[in-house]
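Working notes, beginning with the structure itself.
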Amino acid sequence: AYQSSSMGVGVLMKDIKTEQLELGMNEASKILLKEIERKKSSPEKMAKILASITPTLSYADFGNTQFVVEAVVENEKVKKAVLADVENNTSPETILASNTSTISITKLAEGLKRPDKFCGMHFFNPVHRMPLVEIIRGAKTSQDTIARAVNYANQMGKTPIVVNDCAGFLVNRILFPYFNGFIFLLEDGVDFQRIDKVMEKFGWPMGPAYLLDVVGIDTGFHASSIMANAFPDRMGFKSKTILEVMYEQKRFGQKNSLGFYEYELDKKGKQVKKVNPAVYEIIKPTIKRQLDITDEDIVMRMMLPMIIEASRCLEDKIVESPVEVDMGLLLGLGFPPFRAGALKYADSVGMNKLDEASQKYLEL
Ligand SMILES: NC(=O)c1ccc[n+]([C@@H]2O[C@H](COP(=O)([O-])OP(=O)(O)OC[C@H]3O[C@@H](n4cnc5c(N)ncnc54)[C@H](O)[C@@H]3O)[C@@H](O)[C@H]2O)c1
């Protein structure tokens, strides 16, 4: 709601709970107050933007909407029920989009009367900062719907890429093999702090353990299970992973201040990470062996699964070109910009070296 209204497109923000609507308005205010602090906005602009978000508990005014983005809880049954309600309360011309991160768009369209007018619109957290939006084409989505979703994303100041429906869509399908690289390194006895340091030196804004804490380990575990089901040959696990163990121990990451790291608020209210050695006791049962490994090996074991999945996405025509794959990773994940994306990075490493590494890690 904030993103749309901040770019001059007013919105109705519907929820089933007043306190959630208040939360939404508060979040928008917080972002705007920060903008004013940074001298990028003014109190007048803030008032205008907030006034263009209309919180509501009813569908009464939905008849005139041109575009509806559903973003309710990540549950197929609830989403299907809400989407059907929206369809019944909007005009036949209204485009419907779901902000799901894990549910198939083709499946969500099953109960709709106008599946051609439905698509996915997957934003990345934090939404006001990450430029990418994946526009997902389900089996029945029309070309006109895709065009209108692309147009709306542009109006919101985002960079859209059009992606064909598959588990994880484009970006998460490529991200999870990278997380799996991390999981297997931990199982080989490599310290998560070292992996974070090596990958940050490589150019990532944050290493994989820190990233999982920010994304939410509960969210990560849920999505990882979906990816494992969709691609069991290469994303399945033979034993309990560290994500499952952390989830069971209720270490959800920054959202409850406990993850791989632990978090405290500084004077400015920003979460600062620190290490509590107790976390190593939680990781210990998942360690299968102690491998001596170089930093170069760590980079290769993290990046190779990502590169391979990026190539598979191209083969499966999830997007049309290598540039779109790389753009998705740069704008949706914060892939190191100077490396220009996983496929461009693969080119710079060279096929010979990648092939050699693939042979070396065949057992993984
Ligand atoms: N959290 C992320 O990192 C992330 C990233 C990308 C996409 N998404 C997607 O965004 C969506 C929302 O995620 P979230 O983390 O904000 O979840 P959340 O649980 O914080 O918010 C869901 C909201 O939906 C409301 N809701 C529930 N049932 C409803 C109904 N029948 N009608 C109207 N509103 C209803 C709830 O009251 C709540 O305010 C999910 O589909 C999720 O997959 C989340």
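The values are calculated or read from the model by the stated rules, or taken from the named source; none is laboratory data. What you see is a predicted model, and the numbers here were worked out from it, not measured in a lab. Note that we place each Cβ from the backbone using ideal geometry, even for glycine, and neighbour counts take in every protein chain shown. Protein only, heavy atoms only, side chains kept; ligands, DNA and RNA dropped before computing areas. Shrake-Rupley method; radii C 1.70, N 1.55, O 1.52, S 1.80 Å.
May I ask you to verify whether A1 is loosely packed, with under 14 Cβ neighbours inside 10 Å and within 30 Å of K107 (Cα to Cα)? Show your work before the answer.
Details: loosely packed, with under 14 Cβ neighbours inside 10 Å: no; within 30 Å of K107 (Cα to Cα): yes.
The answer is no for A1.
Restricting region 222-276 to residues that are in a loop (DSSP other than H, G, I, E, B), of a type in the set (A, V, I, L, M, F, W, C) and surrounded by fewer than 17 Cβ atoms within 10 Å (Cβ to Cβ), the residue that is farthest from the chain's Cα centre (by Cα) is V275.
Any chance you could count how many residues in region 151-175 are open to solvent by 10 Å² or more (accessible area, probe 1.4 Å), part of a helix (DSSP H, G or I) and in contact with a Ser or Thr (Cβ under 9 Å, 6 or more places away or on another chain)? Going through region 151-175 one residue at a time, the tally reaches 3. Checked across region 107-124, the condition of being within 16 Å of the ligand (Cβ to nearest atom), assigned to a helix (DSSP H, G or I) and open to solvent by 50 Å² or more (accessible area, probe 1.4 Å) holds for at least one residue.
Please count how many residues of region 129-146 are more than 13 Å from the ligand (Cβ to nearest atom) and over 24 Å from T106 (Cα atoms). Give the steps one after another, and end with the answer.
So the first thing to find is which residues in region 129-146 are more than 13 Å from the ligand (Cβ to nearest atom), and the list is 131, 135, 137-146.
With the extra rule that they be over 24 Å from T106 (Cα atoms), the set shrinks to 131.
Number satisfying all stated conditions: 1.
Residue pairs whose Cβ atoms lie under 6 Å apart, separated by 6 or more positions or on different chains, with the first residue in region 214-227 and under 17 Å from N256 (Cα atoms) and the second at pLDDT 95 or above and near the ligand (Cβ under 10 Å from one of its atoms), are G216/K255. The set of residues in region 39-60 that are within 15 Å of the ligand (Cβ to nearest atom) and outside any strand (DSSP E or B) comprises L57, S58, Y59, A60.
Name the residue, out of R194, R234, that is of a type outside the set (A, V, I, L, M) and within 16 Å of M306 (Cα to Cα).
Numbers: R194 fails: within 16 Å of M306 (Cα to Cα).
Every option except R234 fails the conditions.
For (1) assigned by TED's automatic domain parsing to the domain that holds Q155; (2) more than 10 Å from the ligand (Cβ to nearest atom), each residue gets a yes or a no:
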| site | (1), (2) |
| --- | --- |
| Q3 | no, yes |
| E22 | no, yes |
| E37 | no, yes |
| F67 | yes, yes |
| K77 | yes, yes |
| N99 | yes, no |
| T102 | yes, no |
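One residue is enough: does region 143-154 have a residue meeting the conditions in contact with an Asp or Glu (Cβ under 7 Å, 6 or more places away or on another chain), without any contact (Cβ under 8 Å) to a residue 60 or more places away in the chain and farther than 16 Å from N125 by Cβ? There is at least one residue in region 143-154 that is in contact with an Asp or Glu (Cβ under 7 Å, 6 or more places away or on another chain), without any contact (Cβ under 8 Å) to a residue 60 or more places away in the chain and farther than 16 Å from N125 by Cβ. Does region 84-95 contain any residue that is assigned to a strand (DSSP E or B) and either touching a Lys or Arg at 6+ places or on another chain (Cβ under 7 Å) or at pLDDT 95 or above (or both)? For region 84-95, residues assigned to a strand (DSSP E or B) and either touching a Lys or Arg at 6+ places or on another chain (Cβ under 7 Å) or at pLDDT 95 or above (or both): present.
Report, by residue number, each residue of region 210-234 that is among the acidic types (D, E) and within 15 Å of the ligand (Cβ to nearest atom).
Looking only at region 210-234, we keep the residues that are among the acidic types (D, E), and these are 213, 218, 233.
Of everything in region 210-234, those that are among the acidic types (D, E) and within 15 Å of the ligand (Cβ to nearest atom) turn out to be D213, D218.
If we scan region 17-33, do we find a residue that is part of a loop (DSSP other than H, G, I, E, B) and either of a type outside the set (S, T, N, Q) or open to solvent by 60 Å² or more (accessible area, probe 1.4 Å) (or both)? Yes, that holds for at least one residue. Taking Y280 as the residue in question, decide whether it is within 20 Å of the chain's Cα centre (by Cα) and open to solvent by 20 Å² or more (accessible area, probe 1.4 Å). It is false that Y280 is within 20 Å of the chain's Cα centre (by Cα) and open to solvent by 20 Å² or more (accessible area, probe 1.4 Å).
Scanning region 79-96 for residues that are surrounded by 15 or more Cβ atoms within 10 Å (Cβ to Cβ) and either free of Cβ contacts under 8 Å to residues at least 40 places away in the same chain or within 11 Å of the ligand (Cβ to nearest atom) (or both) yields K79, K80, V82, L83, V86, E87, N89, T90, T94, L96.
Restricting region 5-16 to residues that are assigned to a loop (DSSP other than H, G, I, E, B) and within 12 Å of the ligand (Cβ to nearest atom) leaves a set whose member that is nearest to V150 (Cα to Cα) is D15.
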